[in-house]
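**Student:** What follows is a single structure, and I will ask about it in a moment.
The values are calculated or read from the model by the stated rules, or taken from the named source; none is laboratory data. Please read these numbers as outputs of a predicted model, since none were measured by experiment. Heads up, the Cβs are rebuilt from the backbone with ideal geometry, glycines too, and the neighbour counts pull from every protein chain shown. Heavy atoms of the whole protein, side chains included, go into the accessibility calculation; ligands, DNA and RNA do not. Shrake-Rupley method; radii C 1.70, N 1.55, O 1.52, S 1.80 Å.
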Amino acid sequence: MSDKTRKTPLIEWPTLALMGLCYGAFIVATTWGATISTVAALIVTMLALALHSSLTHEVLHGHPFRSQFLSEALVFPAIGLFVPYIRFRDSHLAHHQDAILTDPYDDPESNYLAPGDWQNLPAWRKRLHLFNNTLLGRLLVGPAMGQVAFMAADWRAISSGDRKVLKGWLWHIPSLAIALWWMLAVSSLPIWAYLAAAYGALSILKIRTFLEHQAHERARGRTVVIEDKGPLSWIFLNNNLHVVHHMHPKMPWYRLPQLFRDNRGRYLSRNDGYYFRSYAEIFRAYFLSRKDPVPHPLWPKD
């Protein structure tokens, strides 16, 4: 059934319930849990923040309410600290133009560099990028490199007069203030542990984005299917079935597995067989090895 023919419910209760579970885990971990075990509270907070990011992704695609204002109000507190919601929303929706997927300039979520830019990098930055193209590197330095690149690009846009980007960062101030108030006035979790949990949440999300798109001559072959049914697929809200999401971006997370099962052959044909059985397979193959080159392999070298 297509996104257009399926009637959107007034409230998507599975998503709303999961939002409550996410905030509940975050509140308990950062208050009572932190008085019992800082390490355990850090881990639960990290998982809650990773899930919160996945729920934020649901919100920007129009869930769980028909009212986008109400949906966005649910994720207004920037408890993940680093990424302004409006900037995530705008850049991710731009990423959903399949024709530009993996483009080093036009795809905001591309992990490739243009060959000319790659050649002009100093040796130490090349080594850093090469390490970042292993899964271990993506976990350790990927969040920092991604944040620096994201903020640098936005700063250039703001400096050139882009008011839309500026608005996204200005709205981040009050949403971040709520999170900082919680950290300083309510939370029992030490500041260092909260910051470590926020960075760790980004690391978890880098597992999902590590290879969800590849360089391919045809747009249809650029988006992966990872047929995982473990805890990571739950934290990612089934976005490991990524080609299904790109073909049906308005479909809620809890309908994606059935949609894939009912049309498995179609999706694997659609993406030219870009497929992995599980995240365990990916860890075995690429934890210390690079899947892709840093310079886009299909991009003009000049």
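**Student:** Share of the chain's accessible area from carbon and sulfur, percent, 1.4 Å? Present the calculation step by step, with values, prior to reporting the outcome.
**Tutor:** Numbers: 9520 of 14910 Å².
That fraction is 64 percent.
**Student:** Helix check for the chain. Which DSSP H runs span at least 30 Å along their own axis by Cα, with a mean Kyte-Doolittle hydropathy no less than 1.0? Let's see the in-between values first.
**Tutor:** Details: long enough: 38-60 (32 Å, 1.54).
Answer set is 38-60.
**Student:** How do ARG66, ARG255, ARG163 stack up against each other in accessible area, from largest to smallest, with a 1.4 angstrom probe? Spell out each step's value before the answer.
**Tutor:** Working: ARG66 135, ARG255 90, ARG163 195 Å².
Greatest to least solvent exposure: ARG163, ARG66, ARG255.
**Student:** Next question, about the same structure. How big is the gap, in Å, between the Cα center of the stretch 108-153 and the Cα center of the stretch 211-240?
**Tutor:** 20 Å
**Student:** Over the Cα atoms, compute the radius of gyration (one decimal) and Dmax (the largest Cα-Cα distance, rounded to a whole number) for the stretch 118-234, in Å.
**Tutor:** 17.9, 53
**Student:** Could you rank the peptides 218-230, 275-287 by their average count of other C-beta atoms within 10 Å per residue, with the highest value first?
**Tutor:** Numbers: 218-230: 17.9, 275-287: 14.8.
Output ranking for 218-230, 275-287: 218-230, 275-287.
**Student:** Per residue, how large is the accessible surface of the stretch 1-121? Use a 1.4 angstrom probe and give square angstrom.
**Tutor:** Values: 5570 Å² over 121 residues.
Per residue, the stretch 1-121 has an accessible area of 46 Å².
**Student:** When the dipole is taken about the Cα centre of the chain, and only Lys, Arg (+1) and Asp, Glu (-1) are charged at their Cβ, what size is it in debye, to the nearest 20? Before the final figure, lay out each step's value.
**Tutor:** Values: 31 positive and 22 negative charges, 70 e Å.
I would put it at about 340 debye.
**Student:** Here is a follow-up. Please list the non-local residues whose amide H lies under 5 Å from the amide H of LEU113, H modeled 1.01 Å from N, same-chain partners needing a gap of 5 or more.
**Tutor:** HN-HN under 5 Å from LEU113: HIS296.
**Student:** What does the extension gain come out to for THR31 and HIS92, with contour length at 0.36 nm per residue minus their alpha carbon separation? Please list the in-between numbers first.
**Tutor:** Numbers: separation 61, 0.36 × 61 = 21.96 nm, distance 3.25 nm.
Result: 18.7 nm gained on full extension.
**Student:** Right, next: May I have the extent of the alpha carbons of the stretch 70-130 along their three principal axes, as whole Å values ordered from largest to smallest?
**Tutor:** Largest to smallest, the principal-axis extents are 47, 28, 13 Å.
**Student:** Taking amide H positions as placed in the peptide plane 1.01 Å from N, state which residues far from TYR275 in sequence (5 or more) or on other chains have amide H under 5 Å from it.
**Tutor:** VAL225
**Student:** Would you mind getting me the FRET efficiency between TRP169 and ALA99? Use the beta-carbon distance for r and R0 = 35 Å, nearest 0.05.
**Tutor:** On the way: r = 28 Å, r/R0 = 0.80.
Result of the calculation: an efficiency of 0.80.
**Student:** Where the eigenvalues come from the Cα gyration tensor of the stretch 18-171, what are the semi-axes √(5λ) of the equivalent ellipsoid, largest first, in whole Å? Walk me through the numbers before you get to the answer.
**Tutor:** Numbers: eigenvalues 181, 101, 38 Å².
Equivalent ellipsoid of the stretch 18-171: 30, 22, 14 Å, largest first.
**Student:** Related question: Quick one: what are the phi-derived ³J(HN,Hα) couplings along the stretch 254-260, Karplus 6.51/-1.76/1.60 with θ = phi - 60°, whole Hz, x for glycine and proline?
**Tutor:** 6, 9, 5, x, 5, 4, 5
**Student:** Here's another thing I want to ask about it. Would you calculate, for the chain, the mean residue ellipticity at 222 nm contributed by helices, counting each DSSP H stretch of 4 or more residues as -39,500 (n - 2.57) and dividing by all residues, to the nearest 500?
**Tutor:** Details: 15 runs with 167 residues, N = 302.
Rounded to the nearest 500, the figure is -17000 deg cm²/dmol.
**Student:** Under 1.5 on a/c is rounded, so check that first for the chain, then, if it is not, pick prolate when a/b is larger than b/c and oblate when it is not; a ≥ b ≥ c are the square roots of the alpha carbon gyration tensor eigenvalues.
**Tutor:** Working: a/c = 1.41, a/b = 1.16, b/c = 1.22.
Rounded, because the longest to shortest axis ratio a/c is under 1.5.
**Student:** Under the Kirkwood approximation for Rh and a Cα-based Rg, what ratio Rg/Rh is obtained for the stretch 121-177? Numbers along the way, then the final one.
**Tutor:** Values: Rg = 14.7 Å, Rh = 13.1 Å.
Answer for the stretch 121-177: 1.13.
**Student:** Given a 1.4 angstrom probe, what's the average accessible area per residue across the stretch 156-263, in square angstrom? Write down the numbers at each step before the final one.
**Tutor:** Values: 5080 Å² over 108 residues.
Dividing the accessible area of the stretch 156-263 by its residue count gives 47 Å².
**Student:** Note the count of lysine pairs whose C-alpha atoms are less than 28 angstrom apart in the stretch 150-302, limited to pairs 8 or more residues apart or on different chains.
**Tutor:** 11
**Student:** What percentage of all Cα-Cα pairs in the stretch 184-241 are separated by more than 18 Å? Let's see the in-between values first.
**Tutor:** Working: 846 of 1653 pairs.
More than 18 Å apart: 51 percent of the Cα pairs in the stretch 184-241.
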